[in-house]
Amino acid sequence: MAETIQQLLAQRAEQDGPAVLHQTADGGQLRWTWRQYLDRATRHAAALLGRADTDRPVHVGALLGNTPAMLTALAGAALGGYVLCGVNGTRRGSALAGDLRTADVQILLVDAEHRGLLAGLDLAGISVIDVDDPAWARACAEAGALTPHRQVTAMDPFVMIFTSGTSGDPKAVLVNHFMVLVAGQNLTERFGLGPADVAYLSMPLFHSNAIVAGFAPAVASGAAMALAKFSASRFLSDIRCYGATYMNYVGKPLAYVLAHPEQPDDADNPLRVAFGNEGSDRDIAEFSRRFSTQVVDAFGSTENAVIITREEGTPPGSVGRGLPGVAVYCSDPVGPCPPARFDATGALVNPDEAIGELVNTTGSGFFSGYYNNESATAERLRHGMYWSGDLAYADDDGWIYLAGRTADWMRVDGENLAAAPIERILLRHNDISQVAVYAVPDGNVGDQVMAALVLRDDAGLSPADFVEFLAAQEDLSPKAWPRYVRISAELPMTATNKILKRSLAAQGTDVGADTLWVRPDRERSYRKTTGAEL
């Protein structure tokens with residue numbers, strides 16, 4: 001039985017079932033069998049290792065889109081026994097160059113779409129290979145037999161993935177073969193995936209969600225991988241075109257798709273399962289109903305040290321129960337937080353004592369530290385435990401509720417508030433598609449609550465309507481009513497569809513061309529204004 005991705009791919013090298021599906025620029029469809037796919041990956045790895053300096057870490061950067069070249073790079077790294085470093089294509093300038101240096105990249109793969117991002121960068125010590133250059137195709141075709149850099153063990157690194165950077169600069173995480181293999185096998189078993197299935201891979205392949213929840217189960221099950229760049233408007237046509245039966249997601253894709261008008265035949269599609277994280281309760285239920293598919297939302301991070309699974313009977317608002325060792329802890333003094341208590345309306349009545357940080361009390365799990373960042377690693381690994389940076393609270397039965405990141409604490413009129421519970425309440429409004437709640441400074445002391453909203457295309461939410469809605473939410477504390485409401489056409493996002501709250505918080509009430517509502521102190525009504533007037 002395979003113990004590494006390297007071994008598992010080698011077992012598929014003689015299989016002739018479909019492996020890679022991709023719509024080409026001319027409207028055709030590329031189709032590779034597993035045999036064809038892995039032959040290309042083997043030649044790619046052989047040609048690349050012929051250029052590598054084995055006295056340096058054999059770290060190969062991939063600044064590529066969701067294309068066959070990226071899948072080839074992934075399989076090539078596994079078969080060749082070196083580390084592939086996913087490079088975020090939304091990074092620019094010195095930040096992009098800094099990521100390459102942090103990861104000790106010595107060879108960088110780039111395609112025509114991303115080649116221009118390298119202009120003017122200091123790439124000393126980095127060899128750049130343009131995978132769309134015919135010269136590289138010839139080099140791969142003429143490569144000799146592959147001699148892997150190493151025959152890997154289960155705990156050897158397979159890929160290096162940067163965190164999303166929603167609360168600070170992205171950090172590089174080494175992800176080992178065992179973690180990817182086990183994730184793929186578990187999802188294959190959980191959803192009954194096999195060679196007849198088609199996995200729709202539209203999330204960025206430089207991110208952990210796409211590797212662990214997309215690539216890994218396809219490799220484990222022998223399912224075909226349908227490659228696409230996510231588009232809410234093309235989503236359903238893609239699913240039908242590829243015959244996709246399984247998909248992974250991260251962030252807000254469900255909300256993006258649901259923002260498009262419903263059609264009578266939406267449920268007429270082959271999709272059986274959508275698996276991912278950060279979907280809201282409302283979007284999970286609506287996506288399942290509208291597209292007649294099973295939606296399973298879990299919680300996990302790039303570090304894979306805290307894992308929470310949503311199971312049958314999960315209460316509304318909860319993300320599920322944690323695997324053994326997952327708990328909610330206070331950092332000063334160090335210890336478990338008391339269980340959450342709720343009033344008759346469902347409102348949390350003891351946030352000061354119940355809300356703490358999600359930890360893994362058994363240690364670091366799959367997390368082996370951030371590459372070239374000892375201080376960030378030390379911040380995560382304290383007191384013999386892994387501290388996630390995610391706020392949460394848990395009830396007596398162990399159901400866990402997220403409360404945001406540690407930066408999402410707000411101190412309003414002497415009371416501690418967390419952003420995530422407020423966001424869940426605001427998303428109950430049918431006219432609201434996306435929401436971000438964050439702190440802005442109070443004029444005197446502490447914070448004020450600000451909410452940025454994206455409305456559905458046909459929505460006409462008014463200040464009066466919003467006040468009526470807030471007043472009807474019995475579990476919303478009066479102090480949690482947003483002082484400022486920003487109505488935006490879109491919110492700043494990472495490449496993995498996560499809202500960049502730090503960008504919104506930095507802008508504060510300076511909302512540019514967006515609509516701004518303000519609620520005067522101790523009042524229950526909003527008026528439209530501008531940041532300049534404030």
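The values are calculated or read from the model by the stated rules, or taken from the named source; none is laboratory data. If you're wondering where the values come from, they're calculated on a predicted model, not measured in any experiment. Every residue, glycine among them, receives a Cβ derived from its backbone with ideal geometry; neighbour counts consider all protein chains shown.
Which one is nearest to G116 (Cα to Cα) among residues in the stretch 38-82 that are surrounded by 23 or more Cβ atoms within 10 Å (Cβ to Cβ) and among the hydroxyl-bearing types (S, T, Y)?
T72
For the stretch 263-288, give me the residue count where each residue is small (G, A, S) and more than 18 Å from the chain's Cα centre (by Cα).
Here the count works out to 3.
Take L21 and decide whether it is crowded, with 20+ Cβ neighbours inside 10 Å, modelled with pLDDT of 95 or more and either part of a helix (DSSP H, G or I) or not assigned by TED's automatic domain parsing to the domain that holds D197 (or both). Spell out the reasoning first.
Details: crowded, with 20+ Cβ neighbours inside 10 Å: yes; modelled with pLDDT of 95 or more: yes; either part of a helix (DSSP H, G or I) or not assigned by TED's automatic domain parsing to the domain that holds D197 (or both): no.
Criteria not met by L21.
Kindly evaluate P324 against the criterion of being within 21 Å of N186 (Cβ to Cβ), surrounded by fewer than 14 Cβ atoms within 10 Å (Cβ to Cβ), out of contact with any Pro (no Cβ under 9 Å at 6 or more places or on another chain) and not assigned by TED's automatic domain parsing to the domain that holds L205. First the steps, then the outcome.
Numbers: within 21 Å of N186 (Cβ to Cβ): yes; surrounded by fewer than 14 Cβ atoms within 10 Å (Cβ to Cβ): yes; out of contact with any Pro (no Cβ under 9 Å at 6 or more places or on another chain): yes; not assigned by TED's automatic domain parsing to the domain that holds L205: yes.
In short, yes.
Can you tell me how many residues within the stretch 109-144 are in contact with a Ser or Thr (Cβ under 8 Å, 6 or more places away or on another chain) and free of Cβ contacts under 8 Å to residues at least 24 places away in the same chain?
Residues meeting the conditions: 0.
Scan the strands (runs of 3 or more DSSP E) fully inside the stretch 328-430 and keep the ones with 2 or more residues being among the small types (G, A, S) and surrounded by 22 or more Cβ atoms within 10 Å (Cβ to Cβ). Give the derivation first.
Values: elements: 334-336, 356-360, 385-394, 400-405, 409-412, 415-418.
Strands (runs of 3 or more DSSP E) meeting the threshold: 385-394, 400-405.
Restricting the search to the stretch 420-473, which residues are more than 19 Å from P520 (Cβ to Cβ) and among the hydroxyl-bearing types (S, T, Y)?
Listed by number, the residues that qualify are S433, Y438.
Output the residues belonging to the stretch 223-249 that are surrounded by 20 or more Cβ atoms within 10 Å (Cβ to Cβ) and over 19 Å from F287 (Cβ atoms).
A223, A224, M225, L227
Keeping to the stretch 455-481, report how many residues are in contact (Cβ under 8 Å) with a residue 60 or more places away in the chain and either among the polar types (S, T, N, Q) or within 18 Å of L417 (Cβ to Cβ) (or both).
Residues flagged as in contact (Cβ under 8 Å) with a residue 60 or more places away in the chain and either among the polar types (S, T, N, Q) or within 18 Å of L417 (Cβ to Cβ) (or both) within the stretch 455-481 amount to 6.
Yes or no, residue by residue, for (1) in a loop (DSSP other than H, G, I, E, B); (2) surrounded by 19 or more Cβ atoms within 10 Å (Cβ to Cβ):
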position	(1), (2)
A451	no, yes
V454	no, yes
A464	no, no
E468	no, no
Q473	yes, no
K479	no, no
T496	yes, yes
D510	yes, no
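Quick one: would you say E286 is modelled with pLDDT of 90 or more and surrounded by fewer than 20 Cβ atoms within 10 Å (Cβ to Cβ)?
Details: modelled with pLDDT of 90 or more: yes; surrounded by fewer than 20 Cβ atoms within 10 Å (Cβ to Cβ): yes.
Criteria met by E286.
Among (1) in the same structural domain as V250 (by TED's automatic domain parsing); (2) at positive phi, there is one condition G346 misses while meeting the rest; what is its number?
Going through the list (1) in the same structural domain as V250 (by TED's automatic domain parsing); (2) at positive phi, G346 breaks only (1).
State the number of residues belonging to the stretch 33-47 that are under 13 Å from G222 (Cα atoms) and touching a residue at least 24 places away in the same chain (Cβ under 8 Å).
3
If a residue has to be of a type in the set (K, R) and outside any helix (DSSP H, G or I) to count, how many in the stretch 262-318 make the cut?
Qualifying residue count for the region: 2.
Restricting the stretch 439-449 to residues that are of a type in the set (G, A, S) and in a loop (DSSP other than H, G, I, E, B), which is surrounded by the most Cβ atoms within 10 Å (Cβ to Cβ)?
Here the residue is G446.
Condition test on A220, is it within 23 Å of R35 (Cα to Cα), in a helix (DSSP H, G or I) and either β-branched (V, I, T) or out of contact with any Cys (no Cβ under 6 Å at 6 or more places or on another chain) (or both)?
Here the answer is yes, as A220 does meet what is asked.
For R56, which of the numbered conditions (1) basic (K, R); (2) in contact with a strand residue (DSSP E or B) (Cβ under 8 Å, 6 or more places away or on another chain); (3) free of Cβ contacts under 8 Å to residues at least 60 places away in the same chain fails to hold?
Condition not satisfied by R56: (2).
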